Structure formats: C-alpha cells, structure tokens
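Below: the structure, in structure tokens.
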Amino acid sequence: MSGLNIFLYQLYFYLFNRFITFIPFHLIRLFFYKTMLGSLGKSTGILMGVEVRKPGNIFIGNNVSINRKVLLDGRGGKLLIGNNVDIAQETNIWTLEHDVHDDYHTSKGADVVIEDYVWIASRCTILPGVRIGRGAVVASNSVVTKDIPPMVIVGGIPARIIGERKSKLKYNLTHRPWFQ
C-alpha cells in the first residue's frame, strides 16, 4: 500500500470514529456500520461514540446492544459477537496487544469470540484470544484474560468465576434508541 493510500485509509477511519459515530440518528450510523463491518445482524443497536478498528474483521450478530464509548478492535484477528449480546458502556474488546516478554515490544493478535446471550457490564476489558461462552456474564470493571465457560458470572482482575447464571435466556435485546 502506498503512503498516500495509507494516509487516506487512516483519515477515513479517523473521520468515521470522530464524526460519523457521533451522528445523533441511529439509522444513519447503522448505514455506515453496515458498509464497513464484516457483518452486522438485524435489530442491532450501536449507540453513539463506539470506536471500531479494522472493521472488516468485526462480525456482529442479531439483536446486539452496544452502548456508548465501546471500543471494538479487529486489528489482530476476528472479533465475532453472537446474537443477543449486551455490551455496556466503556468496554474495550481487543484482538491485538503487545508481547510483554519481547525485547522489541512486538504486537501479537488473536481472535475474540463472544457467544450468544453474553452480558458484558460496564468498563470491562476483553483481551485477545478469549472465548466467552453462551450466556456468561462479565461483571463491571473486570479484565477477561482467558476463556469463560457458558452460563457463569465472572468478575475481578483477572476475571474469575464468582457465580452461576440461572436464566433460561428467552429474551431478544431491543435497545435501539433513536437519538443515542
């Protein structure tokens, strides 16, 4: 890729993340997300201020709710988000990180898979290479560093099992406010 192409590519995503994602009309924002993401399911709500990095590697299912100031990173691998997933505000989901043991601070990446009916509470961090099982709940301010089994509640730094979810998971998320 030439220097000009790299510049234009980065400029486009800068403008997208700083202006388009703050348009106060949900349907207009969704139009842009649909053209950029690897896939975007039906009846999904993405609120204002969600930042995406390498959106072609991000795949979002149906009835997903992604709240304000969430960061979705597709630079180090695929980010796969299932159906009826609730991601609360200020959560960061990373597919790329630096190797702390490398003398040259190199990057390493891996896919992140978030299965159906997962609920990620506010201000969580999900690190590369993690799979969060169906129906799991990640408590606020947790850092997920390894796979989470289905139907458990995890919390802490690093996140560990603190409970079990007993829901039959019969809901469809419908949080799609018009002006948020």
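The values are calculated or read from the model by the stated rules, or taken from the named source; none is laboratory data. The shown structure was predicted, so the numbers you read here are calculated from the model rather than taken from an experiment. No Cβ is skipped: glycine too gets one built from the backbone with ideal geometry, and neighbour counts run over all protein chains shown. Please note that ligands, DNA and RNA were not included when accessible areas were found on the heavy atoms of the full protein model with its side chains. Shrake-Rupley method; radii C 1.70, N 1.55, O 1.52, S 1.80 Å.
Tally the residues that are small (G, A, S), within 18 Å of the chain's Cα centre (by Cα) and loosely packed, with under 15 Cβ neighbours inside 10 Å, restricting the search to segment 123-167.
Count: 1.
Return a yes/no flag: does segment 100-111 have any residue that is at positive phi and among the hydrophobic types (A, V, I, L, M, F, W, C). Give the derivation first.
Taking segment 100-111 as the starting set, the residues that turn out to be at positive phi are 105.
Narrowing the set further to residues that are among the hydrophobic types (A, V, I, L, M, F, W, C) leaves none.
No.
Kindly evaluate I93 against the criterion of being within 18 Å of K108 (Cα to Cα) and either in contact with a Lys or Arg (Cβ under 7 Å, 6 or more places away or on another chain) or not small (G, A, S) (or both).
Numbers: within 18 Å of K108 (Cα to Cα): yes; either in contact with a Lys or Arg (Cβ under 7 Å, 6 or more places away or on another chain) or not small (G, A, S) (or both): yes.
In short, yes.
If a residue has to be open to solvent by less than 20 Å² (accessible area, probe 1.4 Å) and either of a type in the set (D, E, K, R) or in contact (Cβ under 8 Å) with a residue 60 or more places away in the chain (or both) to count, how many in segment 8-64 make the cut?
Selection size over segment 8-64: 6.
So, of the residues in segment 86-106 that are open to solvent by 70 Å² or more (accessible area, probe 1.4 Å) and touching a strand residue (DSSP E or B) at 6+ places or on another chain (Cβ under 7 Å), which turns out to be nearest to K54 (Cα to Cα)? Break it down into steps so the answer makes sense when it comes.
Going residue by residue through segment 86-106, those that are open to solvent by 70 Å² or more (accessible area, probe 1.4 Å) are 89, 98, 100-101, 103-105.
With touching a strand residue (DSSP E or B) at 6+ places or on another chain (Cβ under 7 Å) added as a condition, the list becomes 98, 105.
Working: H98: 17, H105: 21 Å.
Result: H98.
For segment 65-75, indicate whether the set of residues that are in contact with a helix residue (DSSP H, G or I) (Cβ under 6 Å, 6 or more places away or on another chain) and open to solvent by 50 Å² or more (accessible area, probe 1.4 Å) is non-empty. Can you show your working first?
The initial filter retains those residues of segment 65-75 that are in contact with a helix residue (DSSP H, G or I) (Cβ under 6 Å, 6 or more places away or on another chain), namely 74.
Those left that are additionally open to solvent by 50 Å² or more (accessible area, probe 1.4 Å): none.
Checked segment 65-75: no residue is in contact with a helix residue (DSSP H, G or I) (Cβ under 6 Å, 6 or more places away or on another chain) and open to solvent by 50 Å² or more (accessible area, probe 1.4 Å).
Quick check on this structure: which one of E90, E97 is more than 25 Å from F25 (Cα to Cα) and of a type outside the set (F, W, Y)?
E97
Testing I162 on (1) farther than 25 Å from L47 by Cα; (2) among the aliphatic types (A, V, I, L, M); (3) touching a residue at least 24 places away in the same chain (Cβ under 8 Å), one condition comes back false. Which one is that?
Going through the list (1) farther than 25 Å from L47 by Cα; (2) among the aliphatic types (A, V, I, L, M); (3) touching a residue at least 24 places away in the same chain (Cβ under 8 Å), I162 breaks only (3).
Applying the selection to segment 32-50, what residues are within 20 Å of N84 (Cα to Cα) and of a type outside the set (S, T, N, Q)?
Listed by number, the residues that qualify are Y33, K34, L37, G38, L40, G41, K42, G45, I46, L47, M48, V50.
Of all strands (runs of 3 or more DSSP E) completely enclosed by segment 89-180, which ones contain at least 1 residues that are of a type in the set (S, T, Y)?
Numbers: elements: 96-98, 107-109, 112-114, 152-155, 160-164.
Of the strands (runs of 3 or more DSSP E) lying wholly inside segment 89-180, those with at least 1 residues that are of a type in the set (S, T, Y) span 107-109.
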